[in-house]
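The values are calculated or read from the model by the stated rules, or taken from the named source; none is laboratory data. Bear in mind that the values here come from a model prediction, so they are computed numbers and not experimental data. Every residue, glycine among them, receives a Cβ derived from its backbone with ideal geometry; neighbour counts consider all protein chains shown. Heavy atoms of the whole protein, side chains included, go into the accessibility calculation; ligands, DNA and RNA do not. Shrake-Rupley method; radii C 1.70, N 1.55, O 1.52, S 1.80 Å.
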Amino acid sequence: MQYKSQAVAKPYFIAAIGLFVGQILFGLIMGYQYVVGDFLFPAIPFNVARMVHTNLLIVWTLFAFMGAGYYLIPEEAETELFSPKLAIIMFWIFLVAGALTIVGYLAVPYATLARMTGNDILATMGREFLEQPLPTKVGIVIVALAFLFNISLTVLKGRKTSISLVLLLGLWGLAVFFLFSFYNPSNLVLDKYFWWWTVHLWVEGVWELILGAMLAFVLIKITGVDREVIEKWLYVIIAMTLITGIIGTGHHYFWIGAPEYWQWFGSVFSALEPIPFFMMTVFAFNMVNRRRREHPNKAATLWALGTGVMSFLGAGVWGFMHTLAPVNFYTHGTQITAAHGHMAFFGAYAMVNLTMISYAMPMLRGRSANSRSAQTLEMWSFWLMTVSMVFITLFLTAAGILQIWLQRMGSNPMSFMDTQDQVMLFYWLREIAGLVFFVGLVLYIWSFFYKKGEAHIAA
Amino acid sequence: MSETFTKAMARNIFYGGAVFFFLLFIALTFDTVQTLPKRDHRENITDSVVRGKHIWETRDCVGCHTILGEGAYFAPELGNVYKRRGGDFIKAWIKSQPTGAPGRRQMPQFNLTDEQLDDLVSFLKWTSEINTNNWPPNIEG
């Protein structure tokens with residue numbers, strides 16, 4: 001760690017991992033509810049578990065993004081953070097707001113929570129991923145703006161690298177597009193159309209800038225490859241991201257009431273969306289192959305390569321699989337979507353966060369890398385989580401194909417619930433893969449405390 | 001990548017591409033918003049439909065069901081449920097939840113009043129009339 005103020009990243013990373021554990025626990029609950037429908041009913045109905053699962057994912061990702069910003073911006077700008085104190089205050093505000101929101105979901109009926117939190121004044125709740133009560137949404141905006149203010153001023157007073165600029169653009173975009181979550185017209189078609197301006201323009205737009213900047217930063221550090229080369233790759237990748245991804249939003253506009261021409265725009269542009277992800281894979285492997293130093297943190301290198309591969313498979317390949325309108329006509333809103341969502345989110349965002357944490361946490365703990373045995377444990381957790389996520393995706397894909405065949409094709413289609421009974425085997429297998437994922441996560445956390453064997457590698 | 005292709009060129013492609021395609025997106029959005037009234041039949045959005053959407057949201061229906069294919073995949077598609085089941089069935093179904101059948105997926109009891117049930121049905125009826133380019137493939141959703 002080169003700058004004292006980078007230390008504020010540490011609580012952000014710890015909170016991120018803690019919330020990640022919560023996300024997976026609720027994922028396991030939901031996975032079990034898929035096979036034993038009345039599990040934990042009525043204490044935790046499926047929709048509540050799902051809100052907790054997806055919202056924790058968003059919040060832990062935001063924690064990790066902010067931690068990444070606080071860690072890498074001072075190092076890139078070659079100056080101390082503008083205000084470490086503000087960063088710590090915002091950390092506690094965000095953590096308490098996040099925790100209260102989850103408690104609210106679990107403790108009171110959603111309609112009561114909505115009434116208590118001013119949803120009748122400005123109705124924003126009850127839409128997928130944007131279920132947060134109004135005060136939480138306002139809190140996210142405040143925390144994001146304070147964070148952006150803090151790191152933007154740091155960049156302004158220091159060295160301005162391309163990595164900082166791309167990261168800032170991505171994070172400002174994140175804040176700006178979140179504002180669409182406050183727009184909820186009573187016309188469902190308009191509601192959905194602009195809901196995607198938050199959801200799609202986040203995950204298939206500006207978040208990819210953040211992902212690219214984080215990956216580029218770690219690759220510079222662990223490979224020692226010339227900054228000019230890495231930043232050139234970064235620009236090409238994110239150029240392709242926005243050139244394909246902005247109009248690619250159209251692949252969500254096929255069946256929600258928007259005009260038919262979106263089937264052409266959405267299909268053509270989103271079919272090109274795998275390109276930047278493929279480039280990301282080539283980029284990661286290329287830089288590691290051309291490395292000019294042997295960084296002792298092998299685990300971080302593995303995570304960086306894994307991010308490239310898994311984001312390409314999850315977002316690129318599984319996304320392409322159902323993005324063309326004639327295919328999407330059958331796959332839309334089935335387990336195929338769930339399969340894609342799981343591998344894409346894990347491969348792109350969970351993994352880039354874990355890459356950053358894997359690189360930065362040892363530094364924040366005063367060493368350049370963990371001991372070899374602790375790294376071996378971390379690499380086991382990498383393989384367990386990654387391989388089990390591949391299997392979760394494959395099982396959900398099988399369930400999805402069967403579901404489409406039984407429910408949407410042929411002359412005598414089955415009802416939704418009858419179809420669900422037919423694909424139960426795959427839901428069981430998915431839950432087992434989920435348990436293996438959880439074992440990987442436990443090993444991951446254990447790797448932070450693992451003390452046996454040789455000493456950690458000095459800074 | 002070749003040496004003649006510089007970082008500055010890559011940066012310019014990024015800025016140029018992003019701005020161009022974002023402007024195109026705005027233009028397409030403008031056209032879409034102009035065209036939508038013919039497709040969403042907004043003249044039929046009554047006060048009851050508006051209240052129904054509010055009930056839909058505040059009970060987090062989308063946490064289990066899909067509507068026009070978006071939401072969770074735990075329970076049936078409801079964008080066309082009005083056409084599949086009809087208003088009376090929908091109301092009776094919601095009133096009789098949860099079924100309590102052991103091992104089966106359960107829907108909570110929301111204790112909606114008759115007026116609220118009517119509003120929810122109006123919302124689902126209006127939704128079922130949106131021009132969705134013939135999605136879903138069949139009545140099962």
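Side notes on the structure shown:
- The sole residue among B:THR132, B:THR113, B:THR127 that is within 10 Å of chain A (Cβ to nearest Cβ), out of contact with any helix residue (DSSP H, G or I) (no Cβ under 8 Å at 6 or more places or on another chain) and of a type in the set (S, T, N, Q) is B:THR132.
- Within the span defined as the stretch A:315-324, every residue fails to be open to solvent by less than 30 Å² (accessible area, probe 1.4 Å), among the hydrophobic types (A, V, I, L, M, F, W, C) and in contact with a Ser or Thr (Cβ under 7 Å, 6 or more places away or on another chain).
- Scope the stretch B:1-54; condition hydroxyl-bearing (Ser, Thr, Tyr), outside the structural domain of B:GLU115 (by TED's automatic domain parsing) and either surrounded by 13 or more Cβ atoms within 10 Å (Cβ to Cβ) or in a helix (DSSP H, G or I) (or both); matching residues: B:THR6, B:TYR15, B:THR29, B:THR32, B:THR35
- Count of the stretch A:1-31 residues which are assigned to a helix (DSSP H, G or I) and touching an Asp or Glu at 6+ places or on another chain (Cβ under 6 Å): 2
- Test result for B:ASP47, of a type in the set (D, E, K, R) and at positive phi: no
- For the stretch A:328-437, the helices (runs of 4 or more DSSP H) that sit wholly inside it and include 3 or more residues that are open to solvent by less than 10 Å² (accessible area, probe 1.4 Å), touching a Phe, Trp or Tyr at 6+ places or on another chain (Cβ under 9 Å) and small (Gly, Ala, Ser) are A:372-408.
- Residue list for the stretch B:57-77, filter: facing chain A (nearest Cβ under 7 Å) and in a strand (DSSP E or B): B:THR66, B:GLU70, B:GLY71, B:GLU77
- Elements of type helices (runs of 4 or more DSSP H) in the stretch A:38-120, at least 3 residues being touching a residue at least 40 places away in the same chain (Cβ under 8 Å): A:46-77, A:84-107
- The requirement of being under 21 Å from A:LEU215 (Cβ atoms), in a helix (DSSP H, G or I) and at the interface with another protein chain (Cβ under 9 Å from one of its Cβ atoms) is not satisfied by A:VAL189.
- Restricting the stretch A:245-270 to residues that are hydrophobic (A, V, I, L, M, F, W, C) and farther than 24 Å from A:LYS232 by Cα, the residue that is surrounded by the most Cβ atoms within 10 Å (Cβ to Cβ): A:ALA258
- Considering residues of the stretch A:292-313 that are basic (Lys, Arg) and over 16 Å from A:MET379 (Cα atoms) only, the residue surrounded by the most Cβ atoms within 10 Å (Cβ to Cβ): A:ARG293
- Inter-residue pairs, beta-carbon under 7 Å, first on the phi < 0 side of the Ramachandran plot and in the stretch A:1-15, second crowded, with 20+ Cβ neighbours inside 10 Å and among the β-branched types (Val, Ile, Thr), 6+ apart: A:PHE13/A:ILE357
A quick yes/no check of all residues on (1) in the same structural domain as B:VAL50 (by TED's automatic domain parsing); (2) part of a strand (DSSP E or B); (3) touching a Leu at 6+ places or on another chain (Cβ under 8 Å); (4) at positive phi:
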| position | (1), (2), (3), (4) |
| --- | --- |
| B:ARG84 | yes, no, no, no |
| B:ASP88 | yes, no, no, no |
| B:TRP93 | yes, no, no, no |
| B:ARG104 | yes, no, no, no |
| B:LEU117 | yes, no, no, no |
| B:LEU120 | yes, no, yes, no |
| B:ASN133 | yes, no, no, yes |
| B:GLU140 | yes, no, no, no |
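- Residue in the stretch B:29-56 that is nearest to A:ALA111 (Cα to Cα), counting only those that are within 7 Å of chain A (Cβ to nearest Cβ) and either aliphatic (A, V, I, L, M) or in contact with an Asp or Glu (Cβ under 6 Å, 6 or more places away or on another chain) (or both): B:VAL50
- Picking from residues in the stretch A:201-244 that are within 29 Å of A:ARG127 (Cα to Cα), away from chain B (no Cβ under 11 Å) and of a type outside the set (A, V, I, L, M, F, W, C), the one that is surrounded by the fewest Cβ atoms within 10 Å (Cβ to Cβ) is A:GLU204.
- Condition met for B:GLU77 (touching a strand residue (DSSP E or B) at 6+ places or on another chain (Cβ under 6 Å), surrounded by 22 or more Cβ atoms within 10 Å (Cβ to Cβ) and modelled with pLDDT of 95 or more): yes
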